[in-house]
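Below is one structure, written out as structure tokens; comments come after it.
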Amino acid sequence: MSLAPVSASLARLTERALDLLFPRRCAGCGSEGRFLCRDCLAALKPLVPPICAHCGKPSRAPGLCSDCRVRPLALAGIRAAFVYEGPLRDAILQFKYRGVSSLADELAPLLCGYLVRRPLACDVIVAVPLSADRLKARGYNQAAMLASRMGALLRLPEAPRALRRVRSTGVQARLASWEQRYANVAGAFQAEPRWVTGKRVLVVDDVCTTGATLEACGQALRAAGATAAWGLALAREV
């Protein structure tokens, strides 16, 4: 007899028990029932055109923004589903820093919905990797959890070992300019050719600020033989 059905049943029972002991509360308004209630989901602000054709930040007109005209561009482009504000910001902060890993089940479908509405050509999904120190401190990589659930929902292959961080970097949020952020992560990632050569890769992250981290991942993927790479974030600072 296979143990898989038994394990799945135990997991569901454990989840129900935990929900009884620690009811799920909306990250936005605190109401019980879900990590993002219907009202807070409806309040999320999609990031819609006009946006820069490459970095995806809001723009007054189509085409490349003034920054992307002069930057080194490794990715085919960067897109984000929503603006980083309100209930979504609260949810991401809980997901990322307060150990509420179950939020992945609420957030990944939002990214899948974006891809259904605005498809990006890809053959495989990878996540922006954490450093070993941050992974140990946090206990999980939030981007990897999103990528894993997206792969399952969209039936797209996920390659968790395709991209790795080869050196620790300073905290990006403490750096103001794109140039500082790009220098901070330049050469920080390495891709494994056997997972990405000849493939179009989708790189997933939770939040995009300037796109420097995603571009550094794109450089590593292209150097390993990926034919193209897109960056996709759940939310973007604007």
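Counting only helical runs of four or more DSSP H residues, what would the 222 nm mean residue ellipticity of the chain come to if each run contributes -39,500 (n - 2.57) and the total is spread over all its residues? Write out the running numbers ahead of the final one.
On the way: 9 runs with 93 residues, N = 238.
That calculation yields -11500 deg cm²/dmol at 222 nm.
Treating the angle as unsigned and between 0 and 90°, give the value, to the nearest 10°, between the Cα long axis of helix 104-117 and the longest Cα principal axis of the chain.
50 degrees
Report the gain in length on full extension from ARG194 to ASP105: 0.36 nm times residue separation, minus Cα-Cα distance, nm rounded to one decimal. Provide the component values of the computation, followed by the final result.
Working: separation 89, 0.36 × 89 = 32.04 nm, distance 2.94 nm.
In short, 29.1 nm is gained.
Can you tell me the FRET efficiency between VAL48 and SER131 if r is taken as the Cβ-Cβ distance and R0 is 35 Å, rounded to the nearest 0.05? Walk me through the numbers before you get to the answer.
Details: r = 34 Å, r/R0 = 0.96.
Once the sixth-power term is evaluated, E becomes 0.55.
Hey, got the Cα dimensions of the stretch 195-238 along the principal axes, in Å, largest first?
The principal-axis extents, from largest down, are 33, 15, 12 Å.
Grab the other residues whose beta carbon is less than 13 angstrom from that of PRO46, score K and R as +1, D and E as -1, and report the net. Please list the in-between numbers first.
Working: positive: LYS45, ARG79, ARG117, ARG118, ARG236; negative: GLU85.
With Lys, Arg at +1 and Asp, Glu at -1, the neighbours total +4.
Count the lysine pairs in the chain whose Cα atoms lie under 25 Å apart, taking only pairs 8 or more positions apart in sequence or on different chains. Could you put the intermediate results ahead of the total?
On the way: LYS45/LYS57; LYS45/LYS96; LYS57/LYS96; LYS96/LYS136.
Within the chain, the lysine pair count is 4.
Which ordering of GLU192, GLU215 is given by a fewest-first count of other beta-carbon atoms within 10 Å?
On the way: GLU192 17, GLU215 25.
So the ranking, lowest neighbour count to highest, is GLU192, GLU215.
Convex hull over the alpha-carbon atoms of the chain: what's its volume per residue in Å³?
Details: hull volume 33.8 nm³, N = 238.
Taking the convex hull of the Cα positions in the chain, it is 142 Å³ per residue.
Which angle between 0 and 90 degrees, to the nearest 10, do you get for helix 86-97 versus the longest principal axis of the chain when only C-alpha atoms count?
80 degrees
Can you check what the net charge comes to around ILE78, using other residues whose Cβ is under 11 Å from the Cβ of ILE78 (Lys, Arg +1; Asp, Glu -1)?
Working: positive: LYS57, ARG79, ARG236; negative: ASP205, GLU215.
Every neighbour counted, the sum reads +1.
What relative contact order, as a whole-number percentage, does the chain give when Cα pairs under 8 Å and 6 or more residues apart are counted? Kindly include the intermediate steps, with their values, before the conclusion.
Working: 427 pairs, mean separation 50.8, N = 238.
The value is 21 percent.
Give, in nm to one decimal, the length gained when the segment between ARG155 and SER177 is fully stretched (0.36 nm per residue of separation minus the Cα-Cα distance).
Working: separation 22, 0.36 × 22 = 7.92 nm, distance 3.72 nm.
Result: 4.2 nm gained on full extension.
What is the order of THR213, THR227, fewest Cβ neighbours within 10 Å to most?
Details: THR213 25, THR227 15.
Ordered from fewest to most neighbouring Cβ atoms within 10 Å, THR213, THR227 come out as THR227, THR213.
Just how far, in whole angstrom, is the stretch 215-233 from the stretch 118-160 if you go by their alpha carbon centroids?
Using only Cα atoms, the two centres lie 14 Å from each other.
Helix 212-223 versus the longest principal axis of the chain: what is the Cα-based angle in degrees, 0 to 90, to the nearest 10?
Helix 212-223 sits roughly 70 degrees off the main axis of the chain.
FYI, it's all coordinate maths here, none of it is from the lab. As the structure is a prediction and not an experimental result, all values here were calculated from the model. Ideal geometry is used to build each Cβ from the backbone, glycine not excepted, and the neighbour counts take in all protein chains shown.
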